[in-house]
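The values are calculated or read from the model by the stated rules, or taken from the named source; none is laboratory data. Fair warning: this is a prediction, and the values are worked out from it, not measured in the lab. Because the Cβ atoms are built from the backbone with ideal geometry, glycine has one as well, and the counts that use them run over all protein chains shown.
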Amino acid sequence: MVRAAAIALVIELLMWNRLCERVIFQPTPGVDLRPEALGIEAEEIFLEAEDGVRLHAFFLPAPGATRALLFLHGNAGNASHRLPNAALLARLGTHVLLPDYRGYGLSEGTPSEAGVYADARAGLAHLLGPRGIAEDRTVVFGRSLGGAVAVDLARDRNLAGVILESTFTSAADVARGTIAGPLAPLLRDVLASDAKISRLRAPLLFFHGDRDEIVDYRLGRALFEAAPGPKAFETIRGAGHNDTIEVGGRPYFERIRRFLDEVAP
């Protein structure tokens with residue numbers, strides 16, 4: 001009887017985890033935007049995660065640059081949708097690696113929390129290995145879900161810096177602000193950046209729109225308050241979740257440039 005109950009509990013937990021992953025991760029397969037069609041110089045490459053999953057990525061070179069930025073995107077779409085953003089970042093004098101998580105774009109596999117963490121590690125390994133970029137010349141940029149991935153990746157590493165945009169303390173805290181609120185206790189340990197961020201060594205730069213309709217502005221502030229220094233928080237006045245670049249405009253990119261020049265001149 002006890003054994004049957006235990007088996008039933010395990011099955012229930014597995015089903016719950018699968019449901020959570022389907023809600024959190026919303027990948028779009030394929031490549032919707034091609035660099036050449038956008039007039040963007042980018043190399044399409046494939047990486048291999050530590051568990052053997054083959055991952056698709058774009059590498060955008062910046063001639064003469066000795067620093068790199070690993071761009072970790074949000075929970076929906078695929079990396080090709082972020083190519084215009086990545087190209088603008090490359091103009092700031094930094095190589096940019098833009099990978100697709102497993103199950104996104106042309107990457108193999110099915111997304112999961114542990115899986116996307118492994119995918120980020122594969123991206124960093126590519127920059128440090130084949131590209132020859134030093135860890136202390138590498139900045140990790142995580143947006144929304146990618147912010148949680150960036151925090152996990154950056155723990156105990158000697159990175160040049162970490163940029164976190166429109167991100168959150170934990171999946172549970174995001175759920176509390178939605179109709180999924182009653183399920184928040186079950187998400188307590190999912191994408192829990194607030195429990196990890198104290199282990200970051202690198203300088204931190206936060207961005208958050210004060211009209212974010214998906215990730216409450218207060219969650220970004222709470223994560224900032226939990227973070228060690230040196231750190232800075234930039235409020236993008238009037239920006240929601242998906243228009244920080246448009247609303248932030250030139251000052252947004254100039255702030256990123258200053259950060260890059262400070263941490264990896």
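Close contacts from segment 36-52, counting a first residue that is of a type in the set (Val, Ile, Thr) and a second that is surrounded by 12 or more Cβ atoms within 10 Å (Cβ to Cβ), with Cβ to Cβ under 6 Å and a gap of 6+ residues or different chains, come to 40/83; 40/87; 45/57; 45/59.
Checking each residue in segment 206-219 for being surrounded by 24 or more Cβ atoms within 10 Å (Cβ to Cβ) and under 20 Å from residue 139 (Cα atoms) picks out 207, 208. Quick test for you: out of 137, 121, pick the one residue that is in contact with a Lys or Arg (Cβ under 6 Å, 6 or more places away or on another chain), farther than 20 Å from residue 31 by Cα and not acidic (Asp, Glu). Selected residue: 137, the only one of 137, 121 that is in contact with a Lys or Arg (Cβ under 6 Å, 6 or more places away or on another chain), farther than 20 Å from residue 31 by Cα and not acidic (Asp, Glu). The residue that is farthest from residue 191 (Cα to Cα), among those in segment 50-108 that are more than 18 Å from the chain's Cα centre (by Cα) and buried (at least 19 other Cβ atoms within 10 Å of the Cβ), is 92. Collect the residues in segment 212-238 that are under 26 Å from residue 262 (Cα atoms) and part of a loop (DSSP other than H, G, I, E, B), keeping them in residue-number order. The answer is 227, 228, 229, 230, 237. Determine whether segment 135-146 contains at least one residue that is among the small types (Gly, Ala, Ser) and part of a helix (DSSP H, G or I). Within segment 135-146, one or more residues are among the small types (Gly, Ala, Ser) and part of a helix (DSSP H, G or I). Residues being among the acidic types (Asp, Glu) and assigned to a helix (DSSP H, G or I) are entirely absent from segment 88-102.
Every condition in (1) surrounded by fewer than 24 Cβ atoms within 10 Å (Cβ to Cβ); (2) on the phi < 0 side of the Ramachandran plot holds for residue 133 except the one numbered (1). Among the numbered criteria (1) of a type in the set (Asp, Glu); (2) within 19 Å of residue 240 (Cβ to Cβ); (3) modelled with pLDDT of 95 or more, which single criterion is violated by residue 173? Residue 173 satisfies all of (1) of a type in the set (Asp, Glu); (2) within 19 Å of residue 240 (Cβ to Cβ); (3) modelled with pLDDT of 95 or more except (3). The residue of segment 220-233 that is farthest from residue 204 (Cα to Cα), among those that are touching a Phe, Trp or Tyr at 6+ places or on another chain (Cβ under 8 Å), surrounded by fewer than 17 Cβ atoms within 10 Å (Cβ to Cβ) and not small (Gly, Ala, Ser), is 221. If the condition is being surrounded by fewer than 24 Cβ atoms within 10 Å (Cβ to Cβ) and closer than 15 Å to residue 214 by Cα, then segment 145-170 contributes only 170.
When only residues in segment 109-122 that are within 12 Å of residue 50 (Cβ to Cβ) and small (Gly, Ala, Ser) count, which is surrounded by the most Cβ atoms within 10 Å (Cβ to Cβ)? The extreme case among them is 120.
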